[in-house]
Amino acid sequence: MNGGGRLLSELSGREKPAAEGGKPVRDTFLIYGSPLIEEPEIREVVDTLESGWLGTGKKTHAFEELFRKHTGSKHALGLNSCTAALHLACVVSGLKPGDEVITTPMTFCATANVVVHAGATPVFADVEKDSMNIDPKQIEAHITARTRAVLIVHFTGRSCRMDEIMRIVQKHDLILIEDCAHAVETSWNGKPAGTFGNFGCFSFYVTKNVVTGEGGMLVTDNDEQYEQARILSLHGMSKDAYKRFSESGYKHYGVEYAGFKYNMTDMQASLGIHQLGRLNCNWERRREIWNRYNEAFRDLPCITPAPVEKGTKHAFHLYTLLLRLERLRVDRDTILDALAKENIGVGVHYLALHLQPFYRHTYHYHEGMFQNAEWISERTISIPLSPKLSDDDAGDVIRAVRKVLTWYEKGEG
Ligand SMILES: *Cc1c(COP(=O)(O)O)cnc(C)c1O
């Protein structure tokens, strides 16, 4: 490669993007959200395969115990997804038709879908422009006589403002469910995300901070609701129900509820146990990349993430740039395409949920109802942030973003 020539064009800020016929910053595609999987979890999975027990067993229970200690909750229930955890939280909360659950439109669809599955009605409330988290004032503005619960998301791993949210849920006697899919490491004044509300729901999906292929965890301090969730997570079956009929030896189970198939397996837990063990070093690596990105994008036509608030710990799950569209010649999707052509995987977190067809048609949501969420939805892009990234990978991301945004900046060509 012609290093001298590239340096000169970088200095002048005018390198032709691959989308315009230039050469991509790298030859191989950098997969968005590719997880770091290391030897210990590979060996643990093999050990599980060879043990003859692949289902829910002692490794699942060991992972639950590690996770329970990590959050300091009384109970942790391993599940096959965060969606399952959110759904069980809604079900054991006793939500019923007519109940309203206030949530954010700036989230993955699962957050609101589970409310629908539980038979209740999701009610969106707008987010703050800078934190991108649900605005406590907007929660309060949407409370009606039918409001039963608030479902918050610690978006990108940034804690919601828990002092205000706790004041509101206590004042109005509401159930609080925390979607912690981005927030395994998040805390507010030293208290972990997921332990403020009645339920905390975590995701171990392939792109998340802790990865088990598919997987999730429900945490709660409530003994009875934990027990109910545990039984519901495996078809509603309980060994206790038939206790009085069994003498000794073989125990029949009793089906107490029409439950779900939500259990975590030892295969998944094998990954989780070791992923959780490396939580801190992975977090530090993402923070390092996060800070490097902040420095590198300072002068570009985009807004970098708001600073981390004092007294909080950010999980650094997603790195999002908000494009300054007024300074660009093209729209967000053209920028996404151009980055992909540089061989950099990108994402969008998220298109505002109230504008998705189901929510438009079912609840009559439309443009203009949640202006901050819509503003973010139009201009947000997520770039790779994973402990798997090498310094060179992160450098490629930086070069690609600088190249594309500089090229498409107004008045630059
Ligand atoms: C990923 C995600 C979920 C769903 O998690 P799964 O484990 O895939 O079910 C829910 N909410 C948010 C905000 C997410 O990012």
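Details
- Of all residues in the range 138-146, one or more are more than 16 Å from the ligand (Cβ to nearest atom), without any contact (Cβ under 8 Å) to a residue 40 or more places away in the chain, buried (at least 22 other Cβ atoms within 10 Å of the Cβ) and under 24 Å from E367 (Cβ atoms).
- Annotation for the range 29-46: at least one member residue is in contact with a strand residue (DSSP E or B) (Cβ under 6 Å, 6 or more places away or on another chain) and aromatic (F, W, Y).
- If you go through the range 46-74 and keep only what is touching a residue at least 12 places away in the same chain (Cβ under 8 Å) and either open to solvent by less than 50 Å² (accessible area, probe 1.4 Å) or among the β-branched types (V, I, T) (or both), you end up with T48, G55, T56, G57, K59, T60, A62, F63, E64, F67, T71, S73.
- Residue within the range 214-223 that is assigned to a loop (DSSP other than H, G, I, E, B), under 22 Å from Y319 (Cβ atoms) and either away from the ligand (no atom under 15 Å from the Cβ) or touching a residue at least 60 places away in the same chain (Cβ under 8 Å) (or both) present: no
- Subset of the range 165-194 that is among the acidic types (D, E) and not in a loop (DSSP other than H, G, I, E, B) - its residue that is nearest to the ligand (Cβ to nearest atom): D179
- Output for the range 309-364, where each listed residue is acidic (D, E) and farther than 22 Å from T156 by Cβ: E326, D331, D337, E342
- Residues in the range 195-208 that are within 12 Å of the ligand (Cβ to nearest atom), part of a loop (DSSP other than H, G, I, E, B) and either on the phi > 0 side of the Ramachandran plot or not polar (S, T, N, Q) (or both): F204, Y205, V206, K208.
- Note on the range 95-126: residues that are within 16 Å of the ligand (Cβ to nearest atom), more than 17 Å from D173 (Cα to Cα) and open to solvent by less than 30 Å² (accessible area, probe 1.4 Å) amount to 13.
- Count of the range 75-91 residues which are open to solvent by 10 Å² or more (accessible area, probe 1.4 Å), closer than 11 Å to N263 by Cα and not small (G, A, S): 1
- Checked against the criteria, V211 counts as touching a residue at least 60 places away in the same chain (Cβ under 8 Å), touching a Pro at 6+ places or on another chain (Cβ under 7 Å) and within 15 Å of the ligand (Cβ to nearest atom).
- Of all the listed residues (L389, L351), the sole one being under 22 Å from K208 (Cα atoms), open to solvent by 30 Å² or more (accessible area, probe 1.4 Å), modelled with pLDDT of 95 or more and aliphatic (A, V, I, L, M) is L351.
- Taking the range 366-394 as the range and being touching a residue at least 24 places away in the same chain (Cβ under 8 Å) and under 30 Å from C281 (Cα atoms) as the test, the residues that pass are T380, I381, S382, I383, P384, L385, S386, P387, K388, L389, D393, A394.
The values are calculated or read from the model by the stated rules, or taken from the named source; none is laboratory data. Just so it is clear, the structure is predicted and the values come from calculations on it, not from any experiment. Cβ coordinates were reconstructed from backbone atoms using ideal geometry, including for glycine residues, and neighbour counts include every protein chain displayed. What goes into the accessible areas is simple: the full protein's heavy atoms, side chains included, and nothing from ligands, DNA or RNA. Shrake-Rupley method; radii C 1.70, N 1.55, O 1.52, S 1.80 Å.
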